[in-house]
Amino acid sequence: MITLRDYQVPAVTALLHVKRGIVQSPAGSGKTLIAAATLAKWTATRSRMARRKMRIAWVANTNEQVSQALKAIQEFPSLAQTADITALCYAAGTNLHGFDLVIIDECHHISAPEFRKMLDGFQGWRWGFSATPTRADELAKDVFELIGPIIHIVERTALVDAGQLAKARVIIHEPNKPDEYEARTKEHADQLFKRWRFGAQAAANDMAIRTVKSLIYKTQGIDKPLLYKILAEANQTADSAFIRAFSSFPKGHPHRSTLWKMLITLADEEIESRALWIACQKFGVFENVPRNDCIIKISQRHAQDSHLIIIGSIDHGTALQERIPGAIVVHSKMGPKKRRDAIAAFGAGDLKTMIATSLADEGLDVPRASVLTQAAAGKSKSKAEQRTGRVLRSFHDKTHGTIHDFKDVQHQMLRNQSMKRISLYRSLGYEIQTAEQEGGMLPWA
């Protein structure tokens, strides 16, 4: 049986004293081992009291994380006698009613409408694990309502002191001119909005219906008391599909008109936001020549390092792959064997540059990786923290992980997103340097 590290033991102790709770622990801290060790202690006592094996569900976000969970469980042989453990992905959608305890890895996902149903009717113990349990959207509080409060935090400094995490050095590149793609992006976004909103009414209506079904989670700018009054008069509960509330009012009823206006307003906002985001990615990221040239120069500088490049689309990754000798694009649409083989080759050092979609955000355990390039855009602080954690795990004589990111001044939306990422790096205590703007060259190149 594996011996836990000093910083892991308090997390186990904290969990054993609560029926519901979350352990916040950074990537590389051994969350799966903490969970498995806690299970071994908990089931040893509970199974003896109940005179049966405990039924445990272990929910993870990816197949790779499920495999990691099963590997951690094998480190504690006693679990075979005290528990029947089912490991599954969120996407399975399995209702967990009837299990004695549920472990929810990357628990910030559980509040999504399509996943939270897994806990319907569940009365047992529930423990959550995540490096970033606090979401930055309207579902943030739901994570804690569904699982419980944060009951223990494994501090990043403890891992650095223990030699489990390397220090982070961030290089910020600025290859574009301010507002370089503002006009082109706006023109394309306007065209997309008109096409989706007016040229395809059926699609817009479908989007409106899907939006209204989740209205309870997205009510910014909406008169909540009026919304609840409408739902009450329609004899609907807050968890019902809102389209039924709309349908329950006869034509000509003032509330029917009010609810429809709310629905269309939200749909229009959603369509407009999506159109702008797609246009920003197209011109400001995927087809951005200076930015892509900078990524290639970074890859050349790190040709002999284990270099992970995170991209926002497979097509963008393929375009970069064509310019980086030996690189492989890894994504969820490729066959599982090819994906496993590529990740294994990267972990062994045979593959020097791996280009990956968001599947690398969580569960990618490749300690050898030492360089990350954030080729994708985005404002999510949790994703940025998860991604940078991929290159901070200890490995032999690694002293630091190098992170390349961009100050995307070419469009206001991208600028705001990049500044949020940079702000996160500062809050995490990462060392930040600025690359020379001319050509996006590294300061030591």
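Table for the structure above
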item: Unmet requirement for Lys398, which otherwise passes all of (1) closer than 19 Å to Gly284 by Cα; (2) out of contact with any strand residue (DSSP E or B) (no Cβ under 9 Å at 6 or more places or on another chain); (3) not in a helix (DSSP H, G or I); result: (1)
item: Unique match (being more than 19 Å from Asp100 (Cβ to Cβ) and touching a residue at least 24 places away in the same chain (Cβ under 8 Å)) among Thr3, Thr62; result: Thr62
item: Output for region 391-401, where each listed residue is modelled with pLDDT of 90 or more and open to solvent by 10 Å² or more (accessible area, probe 1.4 Å); result: His400
item: Criterion: open to solvent by less than 40 Å² (accessible area, probe 1.4 Å), assigned to a helix (DSSP H, G or I) and either at pLDDT 95 or above or among the polar types (S, T, N, Q) (or both) - qualifying residue of Ala14, Ala69; result: Ala14
item: Residue satisfying all of: in region 402-414; polar (S, T, N, Q) and crowded, with 20+ Cβ neighbours inside 10 Å; nearest to Ser313 (Cα to Cα) among these; result: Gln410
item: Residue under evaluation Thr86, criteria (1) of a type outside the set (A, V, I, L, M, F, W, C); (2) within 24 Å of the chain's Cα centre (by Cα); (3) open to solvent by less than 30 Å² (accessible area, probe 1.4 Å); (4) modelled with pLDDT of 95 or more, criterion not met; result: (3)
item: Complete set of residues in region 372-383 that are at pLDDT below 90 and among the small types (Gly, Ala, Ser); result: Ser380, Ser382
item: Ala80 in a helix (DSSP H, G or I) and either farther than 20 Å from Gln8 by Cα or touching a residue at least 12 places away in the same chain (Cβ under 8 Å) (or both); result: yes
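The values are calculated or read from the model by the stated rules, or taken from the named source; none is laboratory data. Computed from a predicted model, the values in this text were never measured in an experiment. All Cβ positions, even for glycine, are placed from backbone atoms using ideal geometry, and neighbour counts span all protein chains on display. The protein model used for the area step is the full one, side chains on, heavy atoms only, and it has no ligands, DNA or RNA in it. Shrake-Rupley method; radii C 1.70, N 1.55, O 1.52, S 1.80 Å.
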